[in-house]
Amino acid sequence: MAFSYQTKLPKIHTSSDDLSSTRRLKKVNLSWVRPLTAGLGSRYQQIATQIVTAVDDGVLRPGDRLPPQRELAQALGVDLTTVTRAYTEVRQKGLLEAHGAGGTYVAYSDSGAKGTIDLGMNIPPLLNSAEFAHMLAQGSGTTPATASPMDLMSYHVGAGANRHRAAGAKWLQPMIGNTDIERVVVCSGAQTAIAALLLAKSQSGDAIACDELTYPGFLAATRLLQRSAVGVKSDEHGMDPIDLERVCEQHRPAALYLNPTIQNPTALTLSVERRAELLRVAEKYALPVIEDDPYWLLTERPPSTMFSLSANTSSVPVYYVSTLSKCIAPGLRTAYLVVPSGEPLSPILDALRSLALMPTPWMAEMASTWIESGVAVQWLARIKSEMQHRQTIAASILPGNIQADPHGLHLWLQLPRHIDPYRLTQTALQQGLGVTDSEAFATGSFSPAALRVSLGGAIDRTRLTHGLTRLAELLQGDMGRRVSNVV
């Protein structure tokens with residue numbers, strides 16, 4: 001599936017490039033440009049009218065780049081200020097967007113579509129939908145009825161209100177079975193839970209074992225807390241237990257961080273067998289495990305969690321973290337941390353208090369209301385269905401080797417070796433696309449030629465299709481040739 005127009009890219013020149021203006025302009029859409037005619041108005045107005053007409057007729061599409069002003073002026077035989085004035089007039093109409101040295105582009109015509117198509121942030125879809133707005137309004141209306149203003153607006157330091165912990169235990173039941181609510185800690189998001197676990201289970205300067213490519217929020221936490229993220233190599237099945245042993249021998253890590261289901265960014269899900277192998281290594285080296293599992297509920301046939309496996313077969317403590325940000329909405333700022341039996345809560349609660357004092361009561365109350373009423377489960381089913389459609393769209397458009405879960409929020413797109421991922425992301429941004437290259441997930445020098453493409457952030461399937469098509473054109477068209485000339 002592809003649009004009929006061609007993506008227009010800025011020409012990358014080497015220092016020896018002596019191409020003429022005409023040849024430099026061939027990389028942008030010039031089909032709309034007509035000679036200026038005396039008696040049809042001022043020259044800048046004629047240029048502005050040509051641009052507006054081209055946009056109205058669909059000759060220039062949202063995201064298309066206009067010719068550089070100086071080069072268009074040379075081609076039309078006018079001075080630079082004439083073209084600048086024309087571009088400014090059209091931009092003031094809301095039809096163009098200026099990106100500084102990146103050039104001038106056709107803007108999106110409606111407020112929901114303006115700017116960048118977000119293929120870079122992992123968020124669930126449909127947050128702008130009427131369905132979610134209705135759900136949000138209902139939740140806001142029932143919250144004051146189920147909790148007093150004091151409950152919602154006062155300080156509540158600790159593991160969370162019993163009702164909120166009970167709702168968390170209910171939400172977690174499919175993942176880890178029946179859980180004593182005294183082991184459930186309500187947190188203001190998974191990021192806070194992860195940081196608190198790093199504080200409680202390690203010291204400044206300690207190594208933390210993790211995948212070579214891993215969640216950027218975890219990497220940010222290790223940097224801020226002065227821990228060292230040590231990458232463990234992976235094979236086609238995920239983290240390699242043999243290499244984990246090597247890391248344990250060489251670095252003596254204080255903990256193991258894993259995102260085992262629809263891993264961020266590679267979208268791999270560890271099999272039960274691989275999970276058990278990693279737990280055996282962790283047990284051998286007395287290595288506590290942080291199981292960050294935001295996507296478990298999205299996959300159709302998820303394996304047993306490492307938390308459950310450990311409870312049945314291993315003595316290694318596994319701390320389980322599950323957030324509502326990826327399967328309901330990030331704005332809820334509600335996650336659940338389960339502390340394994342026999343492990344103290346107080347160091348974790350102290351760490352949480354130092355980071356965020358407490359979860360936001362209003363958000364925890366709304367999350368609990370949705371969980372208790374069944375609304376949360378219904379919305380999760382809606383998200384899974386939508387993501388299945390979006391993953392199907394992506395598979396039909398994007399070229400190359402794709403790794404994805406049928407209901408996941410993202411996919412992992414491996415790039416040809418001659419494409420520089422950083423340069424690709426920068427060019428994509430100039431074209432109104434936000435994507436994330438592998439460098440953002442790297443623990444060290446290992447950074448393969450790949451992109452994480454997130455599918456939930458586009459406001460609807462039409463916008464997603466448009467964004468993915470433009471990305472495919474970058475990969476299949478002039479982008480590949482240009483990047484291969486400069487790397």
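Taken together, the values in this text are just the output of simple stated rules run on the coordinates, not laboratory data. Nothing here was measured: the structure is a model prediction, and the numbers come from that model. Reconstructed Cβ throughout: ideal geometry from the backbone, glycine too, with neighbour counts over all protein chains shown.
Values computed for the structure shown
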item: For N29, residues with placed amide H under 5 Å, excluding near neighbours; result: R65
item: Sorted peptide list for 197-210, 32-45, criterion being average Cβ within 10 angstrom, highest first; result: 197-210, 32-45
item: Rounded to 5, the percent of DSSP beta bridges in the chain classed as antiparallel; result: 60 percent
item: Acute angle (nearest 10 degrees) that the helix 361-373 long axis makes with the longest principal axis of the chain, alpha-carbon atoms; result: 80 degrees
item: Hz values of 3J(HN,Hα) by residue in region 402-408 - Karplus curve (6.51, -1.76, 1.60), Gly and Pro given as x; result: 10, 10, 7, 9, x, 10, x
item: Packing-based ranking, highest mean first, of 408-415, 309-316 given that Cβ atoms within 10 Å are counted; result: 408-415, 309-316
item: Computed E for S42/A130 - FRET, C-beta separation, R0 41 angstrom, nearest 0.05; result: 0.35
item: Crossing angle, helix 272-284 versus the chain [Cα axis fit, 0-90 degrees, rounded to tens]; result: 60 degrees
item: Region 433-449 - phi-based ³J(HN,Hα) in whole Hz, Karplus 6.51/-1.76/1.60, Gly and Pro as x; result: 10, x, 10, 10, 8, 4, 4, 5, 10, 7, 7, x, 7, 6, 8, x, 6
item: Length released on extending from E439 to A381, taking residue separation times 0.36 nm less the Cα-Cα span; result: 17.6 nm
item: Rotationally averaged projected area of region 197-354 (alpha carbon convex hull; nm²); result: 9.0 nm²
item: Ranked by how many other beta carbons lie within 10 Å on average, peptides 219-227, 274-282 from highest; result: 274-282, 219-227
item: Length added when fully stretched, R280-A311, from 0.36 nm per residue minus Cα-Cα; result: 9.9 nm
item: Vicinal HN-Hα couplings computed from phi for region 33-44 (Karplus, 6.51 cos²θ - 1.76 cosθ + 1.60; Hz; Gly/Pro x); result: 6, 10, x, 7, 10, 5, x, 10, x, 4, 5, 5
item: Relative contact order computed over region 265-409 (Cα-Cα under 8 Å; 6+ residues apart), in percent; result: 24 percent
item: Placed amide H near T104: partners under 5 Å, 5+ positions off or other chain; result: L66, H99
item: Size-normalised alpha-carbon gyration radius of region 307-349, reference 2.2 N^0.38 Å; result: 1.40
item: Cα centroid separation - region 254-315 against region 55-84, whole Å; result: 55 Å
item: The chain, Rg to Rh (Cα coordinates; Rh as Kirkwood inverse mean 1/r); result: 1.05
item: Region 153-178 versus region 204-239: alpha-carbon centroid distance in Å; result: 28 Å
item: The chain: angle of helix 375-397 to the longest principal axis, Cα-based, in degrees nearest 10; result: 40 degrees
item: Nitroxide proxy distance, nm - points 7 Å out along Cα→Cβ at T84 and R353; result: 6.1 nm
item: Euclidean distance between Cα centres, region 430-448 to region 361-376, Å; result: 35 Å
item: Extension gain, S148 back to L30 (0.36 nm per residue minus Cα-Cα distance, nm); result: 36.1 nm
item: Whole-number percent relative contact order across the chain, with pairs defined as alpha carbons under 8 Å at least 6 apart; result: 19 percent
item: Environment charge of V184, counting only residues whose C-beta is closer than 12 Å and scoring Lys/Arg +1, Asp/Glu -1; result: +2
item: Nitroxide proxy distance, nm - points 7 Å out along Cα→Cβ at S271 and N401; result: 1.9 nm
